[in-house]
1. Can you work out ³J(HN,Hα) from phi for every residue in the range 249-262, in order, using Karplus 6.51 cos²θ - 1.76 cosθ + 1.60 and θ = phi - 60°, giving whole Hz and x for Gly and Pro?
2. Once neighbouring chains are kept in place and the probe is 1.4 Å, which whole percent of the accessible area of the range 112-177 is contributed by carbon and sulfur?
3. In debye to the nearest 20, how big a dipole does the range 256-303 give about its Cα centre with +1 on each Lys and Arg Cβ and -1 on each Asp and Glu Cβ?
4. How much accessible area per residue does the range 136-230 have, counting only protein heavy atoms and a probe of 1.4 Å, in square angstrom?
5. At most 13 other Cβ atoms within 10 Å and a DSSP loop assignment: could you name the GluC sites (Glu not before Pro) in the range 102-140 that fit?
6. Between beta-carbons, use under 12 Å as the cut-off and find the net charge around Asp286, counting Lys and Arg +1, Asp and Glu -1.
7. Enumerate by residue number the trypsin sites (Lys or Arg not before Pro) in the range 100-195 meeting two conditions: DSSP loop (anything except H, G, I, E, B), and at most 10 other Cβ atoms within 10 Å of the site's Cβ.
8. Net charge within 12 Å of Val64 by Cβ-Cβ distance, Lys/Arg positive one each and Asp/Glu negative one each, not counting Val64 itself?
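The values are calculated or read from the model by the stated rules, or taken from the named source; none is laboratory data. Please read all numbers here as calculations on a predicted model, not as lab measurements. Cβ placement follows ideal geometry from the backbone for every residue including glycine, while neighbour counts extend to all protein chains displayed. These accessible areas exclude ligands, DNA and RNA; they are computed on the full protein's heavy atoms, side chains included. Shrake-Rupley method; radii C 1.70, N 1.55, O 1.52, S 1.80 Å.
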Amino acid sequence: MPDGSSSLRLGNADAGALAGRQLRGFVRTLREGWRVPLAGAVLGLLLGAGAVRVVTPQYTAGMVVGPTARVGAAAMGARLPVLLGHDTPLAAAEPGPGDELLSDFGRYLELFGSVPVAERMMADAGLMRALFPDRWDAEAGAWRPPAGVLPWLKRLFLAAVGREDWLEPDPERVSSALKDRILVEMVRSGPMRRITLRHPDREVALRLLTAVAVATDAHLRAEAARRSAAQIAHVRARLAGITVAEHRRALADLLSEQERVAMMIEVDLPLAADAIVPPTAARRPDWPNPVLVVPVAALVGLVAGAVFLSLRTVWRAGS
């Protein structure tokens, strides 16, 4: 009667023999059908090269932004007073937990390319025509439906369900088009963000990215000025009806602080975000990247060919 060690050795020997047979079968399959993975790699290479030639090349405009700096030799932000004293309430409402705090820079990133920003950008008609070139008829000087088979099929489908395709861009369409092109990435692990935007025209890409950044900062500045003006008007109205000297002194201090805030908001400096690196773009299109697309397509074709070869071998073995 064999003992446990003998059974273990026999089991290991059987497993080794099975692995050897599988390896020899794999090598024999590759030796007999090597043309299939090679054909897949060549086909993937051709498809990748064709895709790079067919897809419209685009330029990537990028910029790096960070929270507005108020200290340091390179500080660019307006010196707004920070109301954090124990005697000055942060807001009229009850403050929430720490995760509810939202900085001006956080607002800036959230509003980048949003509908309010798009409304400001729509004042530049030339920029809108550059953003939707397929819908602008330069000869007629008017907006028109895009040409082509796919847009026609889309309009036909919408008509079948009782809808209509949009003709002239509105803030929602502009915001959607911007967000499809804009990508916000974290720079290392700090607070800075890299914002990129792609477009087939290099100048348009730079204009769009610059316009979005300017419009976002202008929107935040206008909102801050509106709130500051409302608070100043309210304090002045209350101050006119109070006769107690102590109360008037407290309101006068509050009014002075709010007027300082309003004055610094008007300074022509970045309010919420500093442009650490201004909008830039390469001189040549950088998307799609053929150095990356073509080898990856060839590798995918090689793997697909190997999988097809394995399935064919298994199918023949079972039939």
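1. 5, 5, 5, 5, 5, 5, 5, 4, 5, 5, 5, 5, 4, 4
2. That share works out to 57 percent.
3. Here the size comes out at about 520 debye.
4. Result: 62 Å² of accessible area for each residue.
5. Sparse-neighbourhood loop GluC sites (Glu not before Pro): Glu139.
6. Cβ neighbours under 12 Å give a net charge of +4.
7. Arg163, Arg188
8. Surrounding charge for Val64 is +1.
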